[in-house]
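Contents: one structure, followed by commentary.
The values are calculated or read from the model by the stated rules, or taken from the named source; none is laboratory data. This is a predicted model, so every value here is computed, not measured. In this analysis, Cβ positions are derived from the backbone assuming ideal geometry, glycine residues included, and neighbour counts consider all displayed protein chains. Just so you know, the surface numbers come from the protein's heavy atoms only, side chains and all, with ligands and any DNA or RNA stripped out. Shrake-Rupley method; radii C 1.70, N 1.55, O 1.52, S 1.80 Å.
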Amino acid sequence: ISGVDDDHVFISSGGNVSLPCNNALHDCRSTAWNYNRFRHSAAVELIAEGMKKNTERHERLSLGSDCSLNIKNITKEDYGYYTCRQYVNEQLQGDEACVYLHVLH
């Protein structure tokens, strides 16, 4: 059942957070992070091939050395599902890691 192994992270507005990518490979060039407000809503690509995409959050995002997604200055609009996937030669490797971010305000 989808959602059973989701991680849940709680953070206050204005804080900084690091979302774990528990399926990371040896380097982050294979890492993609996507964001969904709700489980089955349209996804927004935040990171592809280890590089930031040009989204409205671009300046607040970075990748950690372990391929975690770092978000600075959290706002209430940041809540939702963040999904980490690993691709090699455009093929999905292993399972996705899903983190639900709860923003307390």
**Message:** Can you give me the long-range amide H partners of L19? Hydrogens built in the peptide plane at 1.01 Å from N, cutoff under 5 Å, separation of 5 or more residues or another chain.
**Reply:** L69, N70, I71
**Message:** Please report the net charge: other residues with Cβ closer than 13 Å to the Cβ of N89, K and R +1, D and E -1.
**Reply:** -1
**Ranked by how many other beta carbons lie within 10 Å on average, peptides 60-72, 36-48 from highest** = 60-72, 36-48
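Pull out the extension gain between A48 and D95, defined as 0.36 nm times the separation in residues minus the alpha carbon to alpha carbon distance; nm, one decimal.
The A48-D95 span can extend by a further 15.3 nm.
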**Message:** Going by average Cβ density within 10 Å per residue, which order do the peptides 77-85, 92-100, 51-59 take, highest to lowest?
**Reply:** 77-85, 92-100, 51-59
**Fill in**
Cβ-Cβ cut-off under 15 Å around V17, Lys and Arg +1, Asp and Glu -1: the net charge is 0
**Complete:** Within the under-12-Å Cβ sphere about D78, not counting D78, Lys/Arg +1 and Asp/Glu -1 give a net charge of +3
**Prompt:** Cysteines without a disulfide-compatible partner in the chain, using Cβ under 4.7 Å as the rule?
**Reply:** C98
**Carbon and sulfur %, accessible surface of the chain computed with the full protein complex present, 1.4 Å** = 48
**Fill in**
Note to self: with every protein chain in place and a 1.4 Å probe, segment 37-105 gives an accessible area per residue in Å² of 62
**Request:** Just grab the label-to-label distance for K76 and R60, each label 7 Å out from Cα along the Cβ direction, in nm (one decimal).
**Result:** 1.3
**Asked** Stretch H26-S13 to full length: gain in nm at 0.36 nm per residue minus the Cα-Cα span?
**Response** 1.5 nm
